[in-house]
Amino acid sequence: MTDLELTHIVAPSRAGDPPHPVLVLLHGRGTDETDLLPLASALDPRLLVVTARAPFPFPWGGYAWYDLDPRGVGYPNRQSLETSINLISSLLTTITEQHPVDPARVYLGGFSMGSVMAGTMALLEPERIAGAIILSGYLAADPELPLQPEKAAGHPFFMAHGTLDNVIPIQFARQARDYLRTTPVDLHYKEYPIGHQISDTELSDLSSWLRGVLDKKEVKI
């Protein structure tokens, strides 16, 4: 599996001169690379946006980034998680080699299972990933993962979750929030009275935050 390349879609930057900042978006379980593609036109036009397809077919349709171990939500199966980590890392290399992007401004984001990959990888490879967007997700609970939060000092993290989420309960987001607050990352955490979804208000807040990241200024949301 690790010698394959992830299927992906590239949405070119709509503004600004190269090298462009790049945002790689990772979908949730049971969907594919088209699911988050509409965000490309909703977020900052300076971004080159890439949406990637997870490698594992999901039995009820779509794809998944990892299996869950018997403990369930919050505990990715280590082997499948590492396969996806390696494939995403390879995709980042492909993007920076084949497109006019700034390797110092590579951001990783996702929804649900995809956000678990985004947040976890941003702590695994902080020298390559400048920041993360974690929507309706958590961080992988595996003490053996070689996270390097100290090398992510100042990296922007946007984390948002619905208080009514019955797929990934809010407690998992709060646990990840509490952990991230012990690290030197620049965390912006928001909760919304919604279920397992991205609301218009959340998308507006994310857009404002991301614009501030690209402008390198504080944005109050």
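The values are calculated or read from the model by the stated rules, or taken from the named source; none is laboratory data. This is a predicted model, so every value here is computed, not measured. Glycine also receives a Cβ, built like all others from the backbone with ideal geometry; neighbour counts cover every protein chain displayed. These accessible areas exclude ligands, DNA and RNA; they are computed on the full protein's heavy atoms, side chains included. Shrake-Rupley method; radii C 1.70, N 1.55, O 1.52, S 1.80 Å.
Between Asn77 and residues 5 or more places away or on another chain, which pairs have amide H atoms under 5 Å apart, with H built 1.01 Å from N, and which residues are they?
Correct list: Asp67, Leu68, Asp69.
Can you figure out the FRET efficiency of Ser41 with Val73, using R₀ = 30 Å and their beta-carbon distance, to the nearest 0.05? Each step should come with its number before you reach the end.
On the way: r = 31 Å, r/R0 = 1.04.
Between Ser41 and Val73 the formula returns 0.45.
Specify whether the C-alpha gyration tensor of segment 134-221 places it in the rounded, prolate or oblate class, a ≥ b ≥ c being the square roots of the eigenvalues: rounded for a/c under 1.5, otherwise prolate if a/b is larger than b/c and oblate if not.
Working: a/c = 2.44, a/b = 1.05, b/c = 2.33.
Since a/c reaches 1.5 but b/c is at least a/b, the shape of segment 134-221 is classed as oblate.
Starting from the Cα of Glu82, step 7 Å along the direction of its Cβ; do the same at Phe56; then give the gap between the two resulting points in nm.
1.4 nm
What does the helix-only formula give at 222 nm for the chain: each DSSP H stretch with n ≥ 4 adding -39500 (n - 2.57), the total divided by the residues, and the result rounded to the nearest 500 deg cm²/dmol? Please report the intermediate quantities before stating the final value.
Details: 5 runs with 64 residues, N = 221.
The helix-only estimate for the chain comes to -9000 deg cm²/dmol at 222 nm.
What's the carbon and sulfur percent of the chain's accessible surface, probe 1.4 angstrom, rounded to a whole number?
So the carbon and sulfur contribution to the accessible surface is 50 percent.
Can you give the accessible area per residue of segment 40-195, in Å², using a 1.4 Å probe? Show your work: numbers first, answer last.
On the way: 6270 Å² over 156 residues.
Heavy-atom accessible area per residue stands at 40 Å².
Once the dipole of segment 151-195 is set up with Lys and Arg at +1 and Asp and Glu at -1 on Cβ about the Cα centre, which of Gly154, Gln175, Ile194 lies farthest towards its positive end?
Toward the positive end, the furthest listed residue is Gly154.
Residue by residue through segment 77-83, what is 3J(HN,Hα) from phi via Karplus (6.51 cos²θ - 1.76 cosθ + 1.60, θ = phi - 60°)? Round to whole Hz and write x for glycine and proline.
Calculated HN-Hα couplings, in order: 5, 4, 5, 5, 4, 5, 4 Hz.
How long are the semi-axes of the ellipsoid equivalent to the chain, from square roots of 5 times the Cα gyration tensor eigenvalues, in whole Å, largest first? The partial results should precede the final answer.
Values: eigenvalues 104, 85, 61 Å².
Each semi-axis is √(5λ); the values are 23, 21, 17 Å.
Using only the heavy atoms of the protein chains and a 1.4 Å probe, how would Arg29, Arg174 rank by accessible area, largest first?
Details: Arg29 120, Arg174 90 Å².
Correct descending sequence by accessible area is Arg29, Arg174.
Specify whether the C-alpha gyration tensor of segment 65-137 places it in the rounded, prolate or oblate class, a ≥ b ≥ c being the square roots of the eigenvalues: rounded for a/c under 1.5, otherwise prolate if a/b is larger than b/c and oblate if not.
prolate
Using the Karplus equation 6.51 cos²θ - 1.76 cosθ + 1.60 (θ = phi - 60°), what ³J(HN,Hα) coupling, rounded to whole Hz, does each residue of segment 150-158 give in order, writing x for Gly and Pro?
5, 7, 9, 4, x, 5, x, 10, 10
Kirkwood-based Rg over Rh for segment 1-93 (C-alpha set), two decimals? Intermediate results must be reported in sequence, preceding the final value.
Working: Rg = 14.5 Å, Rh = 14.2 Å.
So for segment 1-93, dividing Rg by the Kirkwood Rh gives 1.03.
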